[in-house]
Amino acid sequence: MGRTNPTFRDVLRSLEDSWADYRRALRRPDQDRFDRLWEDAHEHADAGGYLNHQNPMVVVLFSMLLAQQQRIEDLEAELEGSRTAATSADSDDSDDRSAT
């Protein structure tokens, strides 16, 4: 006997397929971005399967948002690291100038 209910991954693939016409209408760079969003949703499919939400698109969108938030935090941390490095370099330069 097989499964009678589709898994969340099956539902996810079905939803992605239903957006194929929309994807096709996008310009190439946006198609790549669109694909990345769906990849993000696939990365969180295990959590989505646990939720068993009535509207799986809500789970898909939330998974995409979660991945976007992670990217934002990574970029903020990288930017903060660059600022810290630049501030350290500036203070090192001023220390070198005052020593001479």
Worksheet item: Hey, T4 hits all of (1) at pLDDT below 95; (2) part of a helix (DSSP H, G or I); (3) of a type outside the set (K, R) but one; which does it fall short on?
Response: (2)
Discussion item. Taking the criterion of being of a type in the set (K, R), assigned to a helix (DSSP H, G or I) and open to solvent by less than 100 Å² (accessible area, probe 1.4 Å), would at least one residue in the stretch 62-80 satisfy it?
Written reply: yes
Worksheet item: Among the residues of the stretch 15-61, which ones are aromatic (F, W, Y) and open to solvent by 100 Å² or more (accessible area, probe 1.4 Å)?
Response: Y22, Y50
Worksheet entry | Residues that are within 22 Å of Y22 (Cβ to Cβ) and out of contact with any helix residue (DSSP H, G or I) (no Cβ under 8 Å at 6 or more places or on another chain), drawn from the stretch 34-60 | R36, E39, N55, V58
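Considering only residues that are assigned to a helix (DSSP H, G or I) and aromatic (F, W, Y), which ones fall in the stretch 7-48?
F8, Y22, F34, W38, listed by residue number.
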Worksheet item: Do we have T100 as surrounded by 10 or more Cβ atoms within 10 Å (Cβ to Cβ), at pLDDT below 90 and more than 14 Å from L15 (Cβ to Cβ) here?
Response: no
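The values are calculated or read from the model by the stated rules, or taken from the named source; none is laboratory data. These figures come from a predicted structure and were not determined experimentally. All Cβ positions, even for glycine, are placed from backbone atoms using ideal geometry, and neighbour counts span all protein chains on display. Heads up: the accessible areas ignore ligands, DNA and RNA and are worked out on the full protein's heavy atoms, side chains in. Shrake-Rupley method; radii C 1.70, N 1.55, O 1.52, S 1.80 Å.
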